[in-house]
Amino acid sequence: MLKKIATDKAPAAIGPYSQAIAAGNFLFASGQVPINPASGEVEAEGIEAQAEQAMKNVGAILEAAGTSYDKVVKTTCFLADMADFAAFNGVYEKYFTEKPARSCVAVKALPKNVLCEVEVIALLED
């Protein structure tokens, strides 16, 4: 059984997709960019500030689904510039303390020309 997860504490989907889907004991969250959900705008500047906002958005979706950062089993991170890798990691490691499996790639461009995007797969139950 699939269940759509939605919260107004994270940016609304800007396309034909859900913020997240719960399937069995797992949550599959769509990539989160650094949009402030209150304004619907990218307000953060620089990789650290944008990574913080993206992580907060991820956290809001995890919370809405009844799970948390420590239940994340896999992340996929997209960077607009691999030169931001170390700075991004500095923010990332504050949130993902259990060190889930991860892929991190640089891409040509991201929606709204942001600097990072983060998607997660998390466990819903033990």
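The values are calculated or read from the model by the stated rules, or taken from the named source; none is laboratory data. Just so it is clear, the model here is predicted, and its values are computed rather than measured. Positions of Cβ are backbone-derived with ideal geometry, glycine not excepted, and every protein chain shown enters the neighbour counts. For accessibility, only protein heavy atoms count, side chains too; no ligands or nucleic acids. Shrake-Rupley method; radii C 1.70, N 1.55, O 1.52, S 1.80 Å.
Annotations for the structure displayed:
- Sum of side-chain charges, Ala86 neighbourhood, beta-carbon under 13 Å (Lys, Arg +1; Asp, Glu -1): -4
- Along the chain, longest interval not containing exposed GluC sites (Glu not before Pro), exposed being DSSP loop plus at most 13 other Cβ atoms within 10 Å: 46-97
- Listed residue pairs exceeding 27 Å between alpha carbons, taken from Lys9/Lys71; Lys74/Lys94; Lys56/Lys99; Lys3/Lys94; Lys9/Lys99: Lys3/Lys94
- For segment 7-74, the solvent-accessible area with a 1.4 angstrom probe is 46 square angstrom per residue.
- Considering all different alpha carbon pairs of segment 1-50, the Kirkwood hydrodynamic radius works out to 12.1 Å.
- Dividing the helix sum by the residues of the chain, where each DSSP H run of 4 or more adds -39500 (n - 2.57), gives a mean residue ellipticity at 222 nm of -7500 deg cm²/dmol.
- Net charge over other residues, Cβ less than 10 angstrom from the Cβ of Phe96 (K, R count +1; D, E count -1): 0
- Compared with the rule-of-thumb size 2.2 N^0.38 Å for a compact globular protein, segment 53-126 has a Cα radius of gyration ratio of 1.09.
- For the chain, the relative contact order is 32 percent, taking Cα pairs closer than 8 Å that sit 6 or more residues apart in sequence and dividing their mean separation by the residue count.
- The heavy atoms of Phe78 offer some 50 square angstrom of accessible surface to a 1.4 angstrom probe.
- Put simply, the chain fits an ellipsoid with semi-axes of 22, 17, 12 Å; these come from the alpha carbon gyration tensor as the roots of five times its eigenvalues, largest first.
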